[in-house]
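The values are calculated or read from the model by the stated rules, or taken from the named source; none is laboratory data. Every value quoted in this text rests on a predicted model; they were computed, and no experiment measured them. Here Cβ is always computed from backbone atoms with ideal geometry, including for glycine, and neighbour counts include all displayed protein chains. With ligands, DNA and RNA removed, areas are computed over all heavy atoms of the protein, side chains included. Shrake-Rupley method; radii C 1.70, N 1.55, O 1.52, S 1.80 Å.
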Amino acid sequence: MPAPIRLRELIRTIRTARTQAEEREMIQKECAAIRSSFREEDNTYRCRNVAKLLYMHMLGYPAHFGQLECLKLIASQKFTDKRIGYLGAMLLLDERQDVHLLMTNCIKNDLNHSTQYVQGLSLCTLGCMGSSEMCRDLAGEVEKLLKTSNSYLRKKAALCAVHVIRKVPELMEMFLPATKNLLSEKNHGVLHTSVVLLTEMCERSPDMLSHFRKLVPQLVRILKNLIMSGYSPEHDVSGISDPFLQVRILRLLRILGKGDDDSSEAMNDILAQVATNTETSKNVGNAILYETVLTIMDIKSESGLRVLAINILGRFLLNNDKNIRYVALTSLLKTVQTDHNAVQRHRSTIVDCLKDLDVSIKRRAMELSFALVNGNNIRGMMKELLYFLDSCDPDFKADCASGIFLAAEKYAPSKRWHIDTVMRVLTTAGSYVRDDSVPNLIQLITNSVEMHAYTVQRLYKALLDDISQQPLVQVASWCIGEYGDLLVSGQCEEEEPIQVDALYALRPLIHNYFGGRTIVSDFMSQVSEDEVLDVLEGLLVSNLSTPVTRAYSLTAIMKLSTRFSSVNRIKKVVSIYGSSIDVELQQRAVEYNALFKKYDHMRPALLERMPIMEKTATNGPTDIAQTNGETDSTILDTKHLPSITQPASQANDLLDLLGGNDVVPVIQTTVPTKPASAGGELLDLLGDLSLTGGPTPTPAPSVPMSQPPFLLDGLSSQPIFNDIAAGIPPMTAYNKNGLKIEFTFERSNPSPNIAVITIHATNSTEADMTEFVFQAAVPKTFQLQLLSPSSNVVPALNQGSVTQVIRVLNPQKQQLRMRIKLTYTHKGSPVQDLAEVNNFPPQSWQ
Amino acid sequence: MQFMLLFSRQGKLRLQKWYVPLCDKEKKKITRELVQTVLARKPKMCSFLEWRDLKIVYKRYASLYFCCAIEDQDNELITLEIIHRYVELLDKYFGSVCELDIIFNFEKAYFILDEFLLGGEAQETSKKNVLKAIEQADLLQEDAKEAETPRSVLEEIGLT
């Protein structure tokens, strides 16, 4: 058999291959030759063959048949063989295969070899890929070598020990004695590896950590020597003496000083020294400064030192080198929680980094910017962030949009600003916002009563521009449905100039400033009902609209039937969709159709404006609107609003309130259902929930609700309440000190156990009664649900009334009795009163 | 450090050193993905990127990319220095190293790396000492072989 070709020759040959196929052919040929050579157990050429195999392995070809050969090479006495053998082992073997265990004995022998380079090879291999079994077997040898005086071996043994500890943490104790005088070495290699070993031990075991704390002074001394010593050619890097060792020592100091006052104090000086004396012109110096800053921030350093650290980071931010800027942003992010004010000083630089070309830097800058937003800088920051949102990559947009919403929610200086900002986000990054932002925004809009006209007009215009961004479209159609009348009438109550940023203001169709008023109103007054309906119908048929969006627009169209005059057109649209393929749309259309036909008298009441909704706990701190003046509120479970149950009843034993529930009408109105209360000014719309799919084929949807489900049996699209005039006489429940409370009743047909009582509170005195709260309690056999009152101010001189709806479940048809508690403020002083109501008319409960 | 990869502008792997146990398939997958990601970077971008849960530090020297994967608590800037030190060592050993040197003498590149790093950490911070050790080991190789046959040892085993 001719001698196998040499490695270099093989490499040369393979590189001449012009195609992948040609290369594959050559490789296969050579592999076959190598395989037969292995079979012949040829010692002379084994080394050459394995080397060639390793080359082919690097190109990506399988080389597993060489594994055993590597072992044979390792076992050989020749140094060359061992060198290639160990290399092969590190490349081809891994601890998942049992083959590697065969190495153990060889390694053990080689660890005790007479030649230090052989020992070195075995230490290296063990330290790179030793499995836990191997480590267990050979830890003793490693420990022995850790104590040797040969620094070449000692440093390798230290790192090998690190690997052993990582693989088999229980063995850590074993190396403890050997660490005794590791730091007294002069050799930098040993020092460096010893520090690594100590770091590893301290990170893994708190006991070790406390044990090694006593080394702090020694470490400080070594570091000092490194800085103060003159030029040392052997370890110098750009004028700095052994930066690798310096960084490692700083890292160990960080771990030792964390949470410990004494150690932290001992290192204060040296840290200050390093921070001020290190050359910053090259990367090396900055690497050391970076590590120093990390250490200063982590230990219990004095405030002066911390400020020094943040300033270093600030300087980094201005550095031309991108890497330095990146590192600065990362560190600032870590420290922004603890040293917020110091970081704020560098805010403008951070915001500039948003414009950087580098993706990693942009992301860091964005995260940091959000962390720095506060009430004072919100306007300026938001401008920058919105600009960023416009121009950033799609990967960022979702996170950025969410961040903006959160920040706006927390710090919005005015409702108008908040709405403008959210609208801006929806129009620029609308497709990337999270789904739950739609209900949040709708809630926000509803609550800003004075902004309704302005908002709906802007949304309408945005819709005209672009209907592809679903969240925007959904919010817009909801608003148009609710406030379509304001849209068509062209009113705009907004007087102040809109604070939009200049770029945005230049967009066509948007605002000009005309003596402080916007031209919006002039433009919008040309919108006709037909145009609005055109837009909404367009949404229904567009391919861009998702089923959810279609549902929104259908409901919006329906709502407009009470606000617009072109009812016939709406009727037509609705009836068309009665046969839609989409079950959800079909269901709604059929119900709305029914509204037009059989229940037309209910329609106005059903489709009235939404009342103010309570804010729920979303992501940020929100105020829970106190409607009853009580802090408890149970919000009906919906997919979007998490329920807050805080039964903080101010109830004492006398009052037995079942919740004092405020029913929150949830944003996505699908089937509007509702008890129309008697002539009251405020109609409580029990909007419901449900949504997105799960359509039931029956026309009467049973909406799953979490709280007192029985009370909601009546909630279906069928009318449940009798005509008011059906005959239960009203009664006066309370009349004292000028405050008169009247009860009017309704009872439902399908569920005669439910009585709905509407209270009307009037005030005949000359002063208003403010902070009016009405509470009621019933005996245990009944259940009570209190809905939101129309307001909590009872105007003086009977100029108006406060109405509130109570629903009582009386399954046992017992005589209705109630205890009521009234609290209000009259002429500056608080008034509280308890009363019993017993004179309920029999028709209300029999 | 978890691993170090050297690859060309065309994406060909020239050296791979793994300090964590992974199967061959996994290594190939990681290599492929990482090479793609790094090669897609524009020249002016910074040397660090986040990839999976690791930090990747890379630097281009002529036609070769040196790419290291470090853990969260490791110092990125000093890793750049480590990469630079390795390049300096190769440069000193080969005399103005270029990619071809590393292609044709890959096993030597590995030997040098193994004298500089062990288990992912630097074992020797002095350039001189690393080079001295390599020199001695090479001599050892030659002596051992010379003792055996009269022919040039390195020639014989095809390692010239």
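Considering only protein heavy atoms, what per residue accessible area in square angstrom results for segment A:321-433 with a 1.4 angstrom probe?
Value for segment A:321-433: 37 Å² per residue.
For the set A:Asp81, A:Asp261, A:Asp236, the ranking by accessible area, highest first and with no ligand, DNA or RNA atoms included, is A:Asp261, A:Asp236, A:Asp81 under a 1.4 Å probe. Taking trypsin sites (Lys or Arg not before Pro) that fall in a DSSP loop and have at most 15 other Cβ atoms within 10 Å as cut points, what is the longest piece of chain B between them? No qualifying site falls inside B:53-150, the longest such stretch. In plain terms, the chain from A:Ser210 to A:Thr732 could stretch by 180.2 nm, reckoned as 0.36 nm per residue minus the Cα-Cα distance. Rounded to whole numbers, the Karplus 3J(HN,Hα) couplings from phi for segment B:12-19 are 8, 6, 10, 7, 9, 10, 10, 10 Hz, using 6.51 cos²θ - 1.76 cosθ + 1.60 with θ = phi - 60°, and x at Gly and Pro.
On full extension, the segment bounded by A:Ala398 and A:Glu771 gains 130.1 nm, given 0.36 nm per residue less the C-alpha separation. Heavy-atom accessible area, probed at 1.4 angstrom with all protein chains present, ranks B:Leu80, A:Leu406 as A:Leu406, B:Leu80, highest first. About its Cα centre, the dipole of segment B:3-157 is roughly 1000 debye, where the only charges are +1 on Lys and Arg Cβ and -1 on Asp and Glu Cβ. Put simply, the amide H of A:Tyr734, placed in the peptide plane, has neighbours under 5 Å in A:Ile741, leaving out anything fewer than 5 places away on its chain. Modelled spin labels at A:Gln832 and B:Lys128, positioned 7 Å past Cα toward Cβ, are 8.8 nm from each other.
Applying 1/(1 + (r/R0)^6) with r as the Cβ-Cβ distance of B:Arg60 and A:Ala33 and R0 = 35 angstrom yields a FRET efficiency of 0.40. Surface composition of segment B:3-157: carbon plus sulfur atoms contribute 50% of the solvent-accessible area (1.4 Å probe, protein chains only, all chains present). In this structure segment A:72-177 gives 34 Å² per residue of accessible area when probed at 1.4 Å with all protein chains present.
The GluC sites (Glu not before Pro) of segment A:232-341 that meet both conditions, a loop assignment by DSSP and at most 16 other Cβ atoms within 10 Å of the site Cβ, are A:Glu234, A:Glu279, A:Glu302. In order along segment A:466-472, the phi-based Karplus estimate (6.51 cos²θ - 1.76 cosθ + 1.60, θ = phi - 60°) of 3J(HN,Hα) comes to 7, 10, 8, 8, 4, x, 4 Hz; Gly and Pro are listed as x. Cross-link list B:Lys44/B:Lys132; A:Lys78/B:Lys92; A:Lys155/A:Lys258; A:Lys461/A:Lys559; A:Lys29/B:Lys12: which exceed 31 angstrom alpha carbon to alpha carbon? Going by Cα-Cα distance, B:Lys44/B:Lys132 fall outside the 31 Å limit. Residues within the reach of a label modelled at A:Ile5 (point 7 angstrom out along Cα to beta-carbon, backbone nitrogen below 11 Å), restricted to segment A:18-55, are A:26-31. Solvent-accessible surface of segment B:3-157, taken per residue with a 1.4 Å probe and all protein chains present: 42 Å².
Segment A:144-190 gives an Rg/Rh value of 0.96, both radii derived from C-alpha positions and Rh following Kirkwood. Looking at this model, which pairs from A:Lys224/B:Lys127; A:Lys282/B:Lys127; A:Lys144/B:Lys27; A:Lys147/A:Lys334; A:Lys156/B:Lys108 are more than 30 angstrom apart at the alpha-carbon? Where the Cα-Cα span goes over 30 Å, the pairs concerned are A:Lys144/B:Lys27; A:Lys147/A:Lys334. Close amide H partners of B:Tyr61, meaning residues 5 or more places away or on another chain with modelled amide H under 5 Å apart, are B:Phe66. Once the C-beta distance of A:Thr546 and A:Lys780 is scaled by a Förster radius of 56 Å, the resulting FRET efficiency is 0.70 to the nearest 0.05.
Between chains B and A, what is the buried accessible area in Å², counting both sides, with a 1.4 Å probe and ligands, DNA and RNA left out, to the nearest 100?
What B and A bury together is about 6500 Å².
Taken about its Cα centre, segment B:17-100 carries a charge dipole of about 400 debye when Lys and Arg each add +1 at the Cβ and Asp and Glu each add -1 at the Cβ. Counting 0.36 nm for each residue step from A:Asp600 to A:Asp261 and taking away their Cα separation leaves a gain of 114.3 nm.
Once backbone amide H atoms are built at 1.01 Å from N, A:Val837 has A:Met818, A:Arg819, A:Ile820 as its partners under 5 Å, excluding neighbours fewer than 5 places away on the same chain. Over the C-alpha atoms of segment B:3-157, the Rg to Rh ratio, Rh being the Kirkwood estimate, stands at 1.01. For segment A:403-418, the residues whose backbone nitrogen is under 18 Å from a point 7 Å from the Cα of A:Arg434, taken along Cα to Cβ, are A:403-412.
Across segment A:364-373, computed HN-Hα scalar couplings (Karplus, 6.51 cos²θ - 1.76 cosθ + 1.60, θ = phi - 60°) run 4, 5, 5, 4, 5, 4, 4, 5, 8, 5 Hz from first to last residue, x flagging Gly and Pro.
When the solvent-accessible area of segment A:362-472 is split by element, carbon and sulfur atoms take up 47 percent of it, the probe being 1.4 Å. Spin-label model, A:Glu133/A:Gln799: points 7 Å from Cα along the beta carbon direction are separated by 9.2 nm.
Remark: spin-label model distance B:Phe94-A:Ser764 equals 10.5 nm, labels positioned 7 Å along the Cα→Cβ axis.
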